[in-house]
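Engineer: Take a look at the following structure, please.
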Amino acid sequence: MLLSSGDDAVLHWIRGAVRMSDGRIVLVSESSDELLFFTPDGTLERRVGREGDGPGEFRGPFFLRRLAGDTLVVTDRTSGRISWFAGDGGFVRQERPVR
């Protein structure tokens, strides 16, 4: 996958990747605690999330899955949370499963 010139994304500790219905690729990076959205031609389009405990933030994202309607689900192993995002990267909700 190519990055457009000038992008400072480092693809390190990628824990999941999905192809969206429109051809975009979304990666989950444990090293940067974010989702990386790429256009079909490989240009970095958007970064979503950051390290933290708030809505849409991560402490150790390691699993990414695309559901119907391009909803994204991210499991965070360090915090134990599950987060849902819309196909455009907008935060939807977050839960911590009962153990």
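The values are calculated or read from the model by the stated rules, or taken from the named source; none is laboratory data. Since the model is a prediction, treat every value here as computed from it, not as a measurement. Virtual Cβ from ideal backbone geometry, glycine too; neighbours counted across all protein chains shown. Heavy atoms of the whole protein, side chains included, go into the accessibility calculation; ligands, DNA and RNA do not. Shrake-Rupley method; radii C 1.70, N 1.55, O 1.52, S 1.80 Å.
Engineer: Can you tell me how many residues within the range 18-28 are crowded, with 16+ Cβ neighbours inside 10 Å and either touching a helix residue (DSSP H, G or I) at 6+ places or on another chain (Cβ under 7 Å) or in a loop (DSSP other than H, G, I, E, B) (or both)?
Structural biologist: So the answer is 2.
Engineer: How many residues are touching an Asp or Glu at 6+ places or on another chain (Cβ under 7 Å) and over 16 Å from Arg65 (Cα atoms) if we restrict to the range 11-32?
Structural biologist: 1
Engineer: Can you name every residue in the range 29-53 that is open to solvent by less than 20 Å² (accessible area, probe 1.4 Å), small (Gly, Ala, Ser) and assigned to a loop (DSSP other than H, G, I, E, B)?
Structural biologist: Scanning the range 29-53 gives Gly42, Gly52.
Engineer: In addition: Taking the residues in the range 56-88 that are part of a loop (DSSP other than H, G, I, E, B) and open to solvent by 80 Å² or more (accessible area, probe 1.4 Å) as candidates, determine which candidate is modelled with the highest pLDDT.
Structural biologist: Our first condition is that a residue be part of a loop (DSSP other than H, G, I, E, B); within the range 56-88, this holds for 56-57, 59-60, 67, 71, 77-81, 86-88.
When the remaining residues are screened for being open to solvent by 80 Å² or more (accessible area, probe 1.4 Å), the result is 59, 77-78, 88.
Details: Arg59: 93, Arg77: 89, Thr78: 89, Asp88: 96.
Among those that are part of a loop (DSSP other than H, G, I, E, B) and open to solvent by 80 Å² or more (accessible area, probe 1.4 Å), it is Asp88.
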